[in-house]
Amino acid sequence: MRIVRQSQFKSSPWKNGGGITHEAMRVPERGDAFRWRVSVAHIDVSGPFSDFAGYARTMVLLRGAGIALKLSDGTRRIMRAAGDLAQFDGALGVESELLNGPCVDLNLMTSNAMGPVRARVERLHRPLSCTVRTNESMVVFPIDAAVEIQADGEDATVLEPWDLAVIGGAGALSGRIACCDDAAGAVFLATLS
């Protein structure tokens, strides 16, 4: 299991120069092309998103009053509450409209060569068991509460909100994810092949 704390994220400008993203993880670590990438973006003004042709995008609202996305294929996606999720083709043009001030979102971008991503936001009312198959990785990103995560054969680790864990990558394993407090925290989960 690999842990990346929010304090370790690396800041870089958007491809189109319209803002700043804080990159948590990129595979491989160097070069313009990547298989997948997790980052947190601060959106301060409405406007276009960068072109990511060749990638699928998964976006989750983390903070703010919301954002409306108008895609070049004519569809709209509106995210109003923390944990709202949208998935779309990175080749589509995207115009964003902030609903009531700046917001922050999580972005998972995966190469189209990887195939579909299974992504969801889960509200943890009780511990969640998870299984990661051989040659899969699971991305775990707590949104609004600390979680304890434990993979087979490893000590339990606490992730604070907006920390990142990646489980797996080689052999199959299982684990569990649970909230540290009595509150039912939201966590973003994505399985990558």
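The values are calculated or read from the model by the stated rules, or taken from the named source; none is laboratory data. As the structure is a computational prediction, the values presented were derived from the model and not from experiment. Neighbour counts are summed over all protein chains in view; Cβ atoms, including those assigned to glycine, are modelled from backbone coordinates with ideal geometry. Heads up: the accessible areas ignore ligands, DNA and RNA and are worked out on the full protein's heavy atoms, side chains in. Shrake-Rupley method; radii C 1.70, N 1.55, O 1.52, S 1.80 Å.
Can you tell me how much longer the chain between R2 and R35 gets when fully stretched, taken as 0.36 nm per residue apart minus their C-alpha distance, in nm with one decimal? Provide the component values of the computation, followed by the final result.
Details: separation 33, 0.36 × 33 = 11.88 nm, distance 1.69 nm.
So the extension gain works out to 10.2 nm.
Each principal axis of the Cα atoms in the chain has its own extent, and those three values, largest first, are 46, 36, 29 angstrom. Binning the C-alpha pair distances of segment 63-133 at 10 Å intervals from 0 yields a P(r) profile of 16, 40, 31, 12, 0 %, listed from the shortest bin outward.
Scanning residues 5 or more positions from I20 or on other chains, those with amide H under 5 Å from its amide H are W14, H42, with H placed 1.01 Å from N in the peptide plane. Between D155 and N112, the modelled labels are 4.5 nm apart [label points 7 Å from Cα along Cα→Cβ].
If you run the Gaussian network model on the chain, springs between alpha carbon atoms under 10 Å, then out of I149, I67, I20 the most flexible one is I20.
How big is the C-alpha Rg of segment 94-193 next to the rule-of-thumb value 2.2 N^0.38 Å, as a ratio? Walk me through the intermediate numbers first.
Numbers: Rg = 14.8 Å, N = 100, 2.2 N^0.38 = 12.7 Å.
Computed over Cα atoms of segment 94-193, the ratio equals 1.17.
Think of a 1.4 Å ball rolled over the protein heavy atoms: the chain then has 48 Å² of accessible area per residue.
Starting from the alpha-carbon convex hull of segment 1-104, give the projected area averaged over all orientations, in nm². Before the final figure, lay out the partial values.
Working: hull surface 26.7 nm².
Over every viewing direction, the Cα hull of segment 1-104 projects on average to 6.7 nm².
Taking the charge dipole of segment 39-193 about its Cα centre, with +1 at Lys and Arg Cβ atoms and -1 at Asp and Glu Cβ atoms, the residue from G168, I143, I67 reaching farthest to the positive side is I67. Length gained on full extension, W14 to D144: 44.3 nm, using 0.36 nm per residue less the C-alpha separation. Summarise the long-distance tail of P(r) for segment 42-81 by giving the % of C-alpha pairs beyond 11 Å. More than 11 Å apart: 73 percent of the Cα pairs in segment 42-81. A simple charge model with +1 on the Cβ of Lys and Arg, -1 on the Cβ of Asp and Glu and nothing else charged puts the dipole of the chain at about 360 debye relative to its Cα centre.
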